[in-house]
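Trainee: Attaching a single structure in structure tokens format; questions to follow.
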């Protein structure tokens, strides 16, 4: 994976449409409707709220994402990252750890990560 591809994966976390698709995928994997999810979350008018999130017309707060992730037995990272864009055999959580280490680490650590992931060889 090149640096450019890693940036695309990171930027995809900010794509409200993809986030909505991931919420819908996780909800469907759990086998619940939008109405059932809203009820599980204790949201009064939650059906339209879930619909807005899934359609990408409204961006959920971090608190809402946390609640949704817990109810659907997944992680916020799994809701933010598109599984189709992950390298084979890498989970969203593993990639998140690498991203955090890459951007919060020293130049030496970044170089080690780049070398291990073959960033220098696209």
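Trainee: Identify all residues within segment 47-68 that are farther than 17 Å from residue 17 by Cα and either in contact (Cβ under 8 Å) with a residue 12 or more places away in the chain or in contact with a strand residue (DSSP E or B) (Cβ under 6 Å, 6 or more places away or on another chain) (or both); write none if there are none.
Mentor: Once the filter is applied, which keeps residues that are farther than 17 Å from residue 17 by Cα and either in contact (Cβ under 8 Å) with a residue 12 or more places away in the chain or in contact with a strand residue (DSSP E or B) (Cβ under 6 Å, 6 or more places away or on another chain) (or both), segment 47-68 yields 47, 67.
So that you can scan it fast, the table gives a plain yes or no per residue for (1) at pLDDT 90 or above; (2) loosely packed, with under 15 Cβ neighbours inside 10 Å:
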site: 8; (1), (2): no, yes
site: 11; (1), (2): no, yes
site: 17; (1), (2): no, yes
site: 40; (1), (2): yes, no
site: 55; (1), (2): yes, yes
site: 65; (1), (2): no, no
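Trainee: Name the residues in segment 71-89 that are touching a helix residue (DSSP H, G or I) at 6+ places or on another chain (Cβ under 9 Å) and loosely packed, with under 15 Cβ neighbours inside 10 Å, would you?
Mentor: 73, 83, 85, 87 - these are the residues of segment 71-89 that are touching a helix residue (DSSP H, G or I) at 6+ places or on another chain (Cβ under 9 Å) and loosely packed, with under 15 Cβ neighbours inside 10 Å.
The values are calculated or read from the model by the stated rules, or taken from the named source; none is laboratory data. Worth saying up front: this structure is predicted, and the values here are computed from it rather than measured. Neighbour counts are summed over all protein chains in view; Cβ atoms, including those assigned to glycine, are modelled from backbone coordinates with ideal geometry.
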